[in-house]
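Peer 1: Just passing along the structure, written as structure tokens.
Values quoted throughout were computed directly from the atomic coordinates according to the rules given, and no laboratory measurement underlies them. Everything quoted here is computed from the prediction, not taken from an experiment. In this analysis, Cβ positions are derived from the backbone assuming ideal geometry, glycine residues included, and neighbour counts consider all displayed protein chains.
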Amino acid sequence: MELSINFIVMLILTIAVFSFGIKFAYDIFTRSQNYAAEIDENTRNQIEAKLYEGSIISIPINEKTIKIKGTDVFGLGILNQLGDTKNFVVFITFSGTAVDPNGNALDVGTIDITKWTTMSKSRVYEIKNNGFEIINILFSPPVGTKKGTYVFNVNVCYDISSGTVNDKCSVHESGAYPYLYDYTHQIRIEVI
């Protein structure tokens with residue numbers, strides 16, 4: 001009888017310690033995912049400096065090396081100098097350019113951008129005149145991606161009553177955002 005009580009007590013303690021271990025591991029994993037989704041303070045400062053210097057779009061670090069299934073974040077700054085509060089949408093597309101580590105063109109076909117980034121064009125950024133927004137663009141090359149360098153286009157678009165409609169911007173679920181703000185910027189990702 002005494003042996004079975006000791007066994008039950010040890011079993012309960014083992015389960016408790018195991019549960020705490022799982023919770024601890026989960027908390028560490030969750031925190032690391034949150035940190036991976038944030039740009040560092042240095043990048044944030046570089047974005048703000050470029051915007052204060054007069055750039056209306058800033059991606060100070062536009063090249064990174066990421067492992068397959070790895071994750072990294074790019075910072076994008078948008079400064080509204082349109083004279084009034086405006087809504088902006090960010091469209092990210094594959095440029096069609098991909099090269100292997102030797103510089104040869106990769107035949108990658110069509111790339112589904114939704115498998116590379118959580119950056120969704122469904123997000124509308126309302127920015128006051130002369131205000132700015134810093135946006136995190138998270139990239140994660142999916143399993144099966146060939147090693148090499150991939151180039152993605154970043155277009156910031158807005159909607160006003162006049163301007164030149166640009167084919168780099170498109171219809172958004174909350175309305176049309178046909179006007180390109182600044183020019184097409186690019187992000188390069190070396191997949192290793």
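Peer 1: For the cross-link pairs Lys23/Lys147; Lys50/Lys147; Lys23/Lys69; Lys64/Lys128; Lys23/Lys146; Lys50/Lys115, which exceed 27 Å when the distance is taken from alpha carbon to alpha carbon?
Peer 2: Over 27 Å apart, Cα to Cα: Lys23/Lys147; Lys50/Lys147; Lys64/Lys128; Lys23/Lys146; Lys50/Lys115.
Peer 1: To the nearest 20 debye, what charge dipole does region 37-191 have about its Cα centre, counting +1 at the Cβ of each Lys and Arg and -1 at the Cβ of each Asp and Glu?
Peer 2: 340
Peer 1: At a 10 angstrom cut-off on C-beta neighbours, averaged per residue, how do the peptides 99-112, 129-142 rank from highest to lowest?
Peer 2: With the highest mean Cβ count within 10 Å placed first, the list reads 129-142, 99-112.
Peer 1: Could you sort 14-25, 47-58 so that the peptide with the highest average Cβ count within 10 Å comes first and the rest follow in order?
Peer 2: In decreasing order of mean packing, 14-25, 47-58 become 47-58, 14-25.
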